[in-house]
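Here is the structure we will look at.
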Amino acid sequence: MYALKNGKIFTSEEIIEDKIILIEGKKISKFIVEEDIEDIDTDIQVIDLKHFNIAPAFIDIQIYGGGGSLYNSKTTEETIRKTYLEVRRQGTTYFQITLSSTPLDKILEAIKVAKDYLKNGGKGLIGLHLEGPFFSFPKRGAHVAEFIRKPTDEELQTIIEACKGLPTYMTVAPEEFTDEQLQMLLSSDIILSAGHSSATYQQAMGAFEKGIKRVTHLFNAMSQFQSREPGLVGATYDSDVWASIIPDGIHVDFNSVRISKKMMGKRLLMITDAVTNDVSGDYKFIHAGTHYTDTKGVLSGSALSMMQGVKNCVEQVGVSLEESLRMASTYPAEAVNAGHYLGKIKPDYQANMVIFDDNFVVKGIIEHGCLEWF
């Protein structure tokens, strides 16, 4: 057990500046005032946060690799570990490793590796994000064209069976599915998200009514809001679904983020969509400073961190710091059905927190109750 004092605490529900956080084991125990410490334990370790900010640690539900290893190209536990080590220094303690569209054998390999990583005690992985391959071909974005395909009952059933026991999130173009195929997925434990889609407004709203309650990287690779056809973007605005967005000013203009935030409120969450410098496989990404390109120089990936995303939302979009932090922690936790134990600084929640200064520089991280200063 230890205590944290002298921090500006963003709990997700309120801002507290006059309390101490008590950590017991891997969980947050309670908030106390300094005078109560001796009543608990005279030998308790009290750590001074030096008036830094402290908030729930970030959760990135779409990232493709780290440390020069892309999960599509190097589908190994080491790639997941490298990704974890890279993102945690920017305040992210949980992430969904993301697999771009690929053949079935690679999907099955990725599922097995993610399962093995968790079974072997690997840290940081909250689940696997299968981004594709069942997309609208014109909205495939940077995904390899030959891997985009129509779903079959057999392939869907194989994926559903393989994913049992592994938290899995899957981006699909709902208009490419039959009603029965969508129901197969919705009846499984896989969380579905609409994306890389040419869906009309009516098709998108129909998919939402069936049970798809998430949308992947709003604006990017989807039917846009038009005067005569609102598309997937319009349906997202006009519904109750969550949507992720990439607030880097490159994939999405900051004004579009601002407008979307006004329209959607708490339903808009942040992702990095980040890739890594790797040209060893079918997907090739080259670092271009503020973003990544493919070998032809076409924008194909983000270089964003979650902390930079928070900073951008505050300084470029005009979202408050507390709401920007929720977009990076509380809302992603809810989107992956982990909001009952992650995404808040609250008694009985997991003690996963990020410590940072007023310039958005990460100074330390608390993970499963363990503090590490950077």
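The values are calculated or read from the model by the stated rules, or taken from the named source; none is laboratory data. Bear in mind the structure is a predicted one, so any value in this text is a computation, not a measurement. Neighbour counts are summed over all protein chains in view; Cβ atoms, including those assigned to glycine, are modelled from backbone coordinates with ideal geometry. These accessible areas exclude ligands, DNA and RNA; they are computed on the full protein's heavy atoms, side chains included. Shrake-Rupley method; radii C 1.70, N 1.55, O 1.52, S 1.80 Å.
For the chain, the solvent-accessible area of protein heavy atoms averages 41 Å² per residue (probe radius 1.4 Å; ligands and nucleic acids excluded).
Heavy-atom accessible surface of Val317, to the nearest 10 Å², is about 10 Å², with a 1.4 Å probe and all protein chains retained.
Electrostatic tally near Leu49: other residues with Cβ closer than 15 Å to its Cβ, Lys and Arg +1, Asp and Glu -1, net -2. For the range 243-274 and the range 299-366, what is the centre-to-centre distance using only Cα atoms, to the nearest Å? Rounded to whole Å, the Cα centres lie 14 Å apart. Solvent-accessible area of Met270, all protein chains in place: 0 Å² (probe radius 1.4 Å, heavy atoms, ligands and nucleic acids excluded). The tail of the calculated P(r) for the chain, taken as Cα-Cα distances beyond 38 Å, holds 17 percent of the pairs.
Starting from 0.36 nm per residue, how many nanometres of slack lie between Lys296 and Met1 once their C-alpha separation is accounted for?
Fully extending the segment from Lys296 to Met1 adds 100.8 nm.
Each of Phe147, Leu108, Ala303 was scored by the projection of its Cα onto the charge dipole of the chain, and the greatest displacement toward the positive side belongs to Phe147; charges sit on the C-beta of Lys, Arg, Asp and Glu.
For the range 220-374, the share of DSSP beta bridges that are antiparallel, to the nearest 5, is 80%.
Remark: the chain carries a charge dipole of roughly 740 debye about the Cα centre, counting +1 on each Lys and Arg Cβ and -1 on each Asp and Glu Cβ. Bridges between two residues of the chain, per DSSP, are antiparallel at a rate of about 50%.
Note on His51: accessible area is roughly 140 Å² with a 1.4 Å probe, heavy atoms of protein only.
Taking R0 as 22 Å, what FRET efficiency do you get between Glu180 and Ala145 from their Cβ-Cβ distance, rounded to the nearest 0.05?
About 0.25, to the nearest 0.05.
If you sort Asp41, Asp358, Asp179 by accessible surface, 1.4 Å probe, largest first, the order is Asp358, Asp179, Asp41.
Percent of accessible area on the range 168-230 owned by carbon and sulfur, 1.4 Å probe? The nonpolar share, carbon plus sulfur, comes to 48 percent.
The range 21-58 and the range 174-198 have their alpha-carbon centroids 44 Å apart. Summing Lys and Arg as +1 and Asp and Glu as -1 over all other residues whose Cβ lies under 12 Å from the Cβ of Lys106 gives a net charge of -1. Among Lys139, Lys296, Lys112, the sequence by solvent-accessible area, most first, with a 1.4 Å probe is Lys296, Lys112, Lys139. Straight-distance candidates among the lysines for linking to Lys261, with alpha-carbon spacing under 26 Å and chain neighbours fewer than 8 residues away dropped: Lys8, Lys139, Lys210, Lys213, Lys311, Lys344, Lys346. The residue among Thr178, Thr92, Gly195 whose Cα reaches farthest toward the positive pole of the charge dipole of the range 58-336, with charges on the beta-carbon of Lys, Arg, Asp and Glu, is Thr92.
For the range 9-91, the Cβ-based charge dipole about the Cα centre amounts to some 940 debye (Lys, Arg positive; Asp, Glu negative; other atoms uncharged).
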